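A.B. asks: Quick one: the structure is below, and I'll ask about it shortly.
Taken together, the values in this text are just the output of simple stated rules run on the coordinates, not laboratory data. Because the structure is a prediction, the values reported are computed rather than measured. When we count neighbours, we look across all protein chains shown, and the Cβ atoms used for this are built from the backbone with ideal geometry, even at glycine.
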Amino acid sequence: MRLFGLEITRQKSLPASVGTLTTPSSRGGWFSVIRESFGGAWQRNVELRNDDVLTYAAVFACVTLIASDIAKLPFRLVSKDTHGIWHEADSPAFSPVLRKPNHYQTRIDFFSHWMFSLLIHGNTYVLKERDSRGLVVALYVLDPLRTRPMVASNGDVYYSLSQDALSGVEQTDIVVPAQEIIHDRINTLYHPLVGLSPLSASARAAGQGLSVQANSESFFSNGSNPGGILTFEGNLGDEERDKLTRDWEANYSGPNYGRVAVLGGAFKYMPMQVMSAVDADLIEQLRWTAENVCMAFKVPAYMINAGTPPAYNNIEALNQQYYSQCLQVLIESIELRCDEGLELPKPYGTEFDIDALLRMDTTSRMVAAEKFVGSGAGSPNEARKRFFDLPPVEGGDTPYLQEQNFSLSALSKRDAMADPWASRKPETKAPSQGDDDDPEVSEDQVENKALLFYRRRSA
């Protein structure tokens, strides 16, 4: 078998000691692209395919919103210093694959593809390409419908790959060990190696929304007229009735609605009662299905224009809520799996820069920067870089604090005195022996001069 142009023997990819390989159960088949909208729907030929469900606007909006929000975040190599703080780093061994994952995708394309596979199928399989040193130099997101995990009798995990020329898999049914695959999965409700897509919980709502739209399209294409009954005084044979029905539908429905129909004396047309969109709660039904989809994907409904926006206008708080309930677990899962998959040594790691997501408005940034520097938490240059993406300036690398602030240790020493609030007179220098020319200075004059000095410094 050949992988990335290299010959891989069966013994190397699958040792005989692992025993028999079995595929984990996935409750409906690993390669399933058809989802049951309710129990027993498949037996009744009621099916919802992934490509059909994705045509529903709410599903499409949730999937693309999550994928684009994660893919747009800068992904970088970081290292931990002696104080336990992570800083951006650069390494010729690990940084290139993070900037350019493979030969046909940019970083944004790669992570968008990663998230589409994860959200639609519940699993993302990433194949590693190594160089002669054993370092990972390229990453390829595999087709989840042509990849499956397999568990050996001794507990080892392997993956069966089908042919994929774009990803360097030249033959089919190649079995590779787990260390050559980065496997990201969500909602492992039935098996730790089998992820479950949010579409499983939202497929029925999406199908209902599609049905409402299809029926509405059919209704309005007939001039908002549901049809009617054509009666005949007398008897009609089956052939004549069928021909009359076909002729009537062809000539007086759809785009021909409104044409003049000339009927004989024996025929009578009775229109059916029109049901308004208000009576059918059409808009409310569509809103409910969209909110149900958002619930499964954990996306706030207002972010896809399916709900009412919150009354308060705090963009940072809204983005923080969206990050906490929807994106955080997905982001941290990718970071952790890349750390392990790229086999990064200490103190290296990978990290998404979430500041690009939780970006504040101009006024909030000004207030935050002022408090950041004024509290002594950081230097002006750190505030310029973090809040405004500006270069450093001379003299701005030192944190500042106002001089009237005292340290806790100084306050502790003051409180340990017998009378912490007693006024203290500054010590005066004793006159030197033989210095008879110096005029004598009273204690009151010394105290007044000292107070004047401290007042000038404070001003």
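A.B. asks: For the peptides 285-294, 115-124, what is the packing order when you average, over each peptide's residues, the other Cβ atoms within 10 Å and list the highest mean first?
C.D. replies: Listed from highest to lowest mean packing, they are 115-124, 285-294.
A.B. asks: Moving to a separate point now. Please give the length that would be gained between Glu394 and Ser409 if that part of the chain were fully extended, namely 0.36 nm times their separation in residues minus their C-alpha to C-alpha distance (nm, one decimal).
C.D. replies: Fully extending the segment from Glu394 to Ser409 adds 2.2 nm.
A.B. asks: Next question. Using 1/(1 + (r/R0)^6) with R0 = 45 angstrom and r between the beta carbons of Gln328 and Asp281, what's the FRET efficiency to the nearest 0.05?
C.D. replies: It comes out at approximately 0.80.
A.B. asks: Still on this structure: Between Arg107 and Arg146, what length comes free when the chain is fully extended (0.36 nm per residue of separation minus the Cα-Cα distance, one decimal in nm)?
C.D. replies: Roughly 11.7 nm would be gained on extension.
A.B. asks: Once label points are set 7 Å from the Cα along Cα→Cβ at both Asp173 and Ser68, what is their separation, rounded to one decimal in nm?
C.D. replies: Once both label points are built, they end up 4.3 nm from each other.
A.B. asks: Okay, next question. Using a Förster distance of 25 Å, how high is the FRET efficiency between Thr55 and Glu291, based on the Cβ-Cβ distance and rounded to 0.05?
C.D. replies: Computed FRET efficiency for Thr55 and Glu291 comes out at 0.85.
A.B. asks: I've got another one for you. Taking H placed 1.01 Å from N in the peptide plane, check which residues at least 5 places from Ala138 or on another chain put their amide H under 5 Å from its amide H.
C.D. replies: It is Glu129, by chain and number.
A.B. asks: Calculate the spin-label point distance for Thr363 paired with Thr245, positioning each point 7 Å from the Cα along the beta-carbon direction, and give it in nanometres.
C.D. replies: According to this spin-label approximation, the distance is 6.6 nm.
A.B. asks: Now for a different question. Considering only C-alpha atoms, what is the centroid distance from the stretch 58-137 to the stretch 330-393, in Å?
C.D. replies: 18
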